[in-house]
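The structure appears right after this line, and notes come after that.
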Amino acid sequence: MREEGFGSGCPIRDDHVEVLTVTAAGITLSRDGVDAHYVRAAAVPKIFLTAELHHGDFLHDPNLAGANAIAKADSFCNGSIAKPDGQRYKAILADGTNRSAVPAVDWVTKPNTTYYQAAGALALFTANAQGLLRQDHHSGAAVPERTQHLRVPVVGPRHLLHERRRL
């Protein structure tokens, strides 16, 4: 074994051959009687941030499909290279007419549902009975149900958060 790259502690092993087995559940790499199993990401509700930028005027964007700004923002979500899988996603965005959290009109997050990062392994939050993040009683800030350490980026008009839509 030799070390390269970022100094000591970054070992580079000699070349070797592993047997790859692909199944519906995932893949297995085998070498010298030792197997490493990798499974597909769980089919759970996910939230992701688009990699692409947008000027924010979805309604007047001729390159996006949809009858209104919300539908076009959903189209933007589903065309993102950051989209984690083949599911349909909705923009976490409201205009009070086509999409609203309160009252719930085509709202994105579902009641009592846990949402995960794009890889499907790390839970971000669980929506309350109204499909919203619960509110901290002291500051009024949204607090995730499952963790007190979630850091949510501030989302401006150029990036959108998205949630997997269950059809």
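The values are calculated or read from the model by the stated rules, or taken from the named source; none is laboratory data. What you see is a predicted model, and the numbers here were worked out from it, not measured in a lab. Here the Cβ positions follow ideal geometry from the backbone for every residue, glycine too, while neighbour counts run over all protein chains shown.
The residue pairs whose first member lies in the stretch 98-114 and is assigned by TED's automatic domain parsing to the domain that holds L132 and surrounded by 14 or more Cβ atoms within 10 Å (Cβ to Cβ), whose second member is among the β-branched types (V, I, T) and outside any loop (DSSP other than H, G, I, E, B), and whose beta carbons are closer than 7 Å, counting only pairs six or more residues apart or on different chains, are N98/I70; R99/I70; R99/V105; T113/T126; T114/T126. For the stretch 1-17, the count of residues that are touching a Pro at 6+ places or on another chain (Cβ under 9 Å), aliphatic (A, V, I, L, M) and either at pLDDT 80 or above or exposed (fewer than 10 other Cβ atoms within 10 Å of the Cβ) (or both) is nonzero. Among the residues making up the stretch 56-92, those that are touching an Asp or Glu at 6+ places or on another chain (Cβ under 7 Å) and not in a loop (DSSP other than H, G, I, E, B) are A69, I70, K72, Y89, K90, A91.
Within the group A51, A82, A67, A73, which residue is assigned by TED's automatic domain parsing to the domain that holds L132 and surrounded by 15 or more Cβ atoms within 10 Å (Cβ to Cβ)? Talk me through it step by step, then tell me what you get.
Details: A51 fails: surrounded by 15 or more Cβ atoms within 10 Å (Cβ to Cβ); A82 fails: surrounded by 15 or more Cβ atoms within 10 Å (Cβ to Cβ); A67 fails: surrounded by 15 or more Cβ atoms within 10 Å (Cβ to Cβ).
The match here is A73.
When the stretch 115-130 is limited to residues that are among the aliphatic types (A, V, I, L, M) and assigned to a strand (DSSP E or B), the one that is surrounded by the fewest Cβ atoms within 10 Å (Cβ to Cβ) turns out to be A123.
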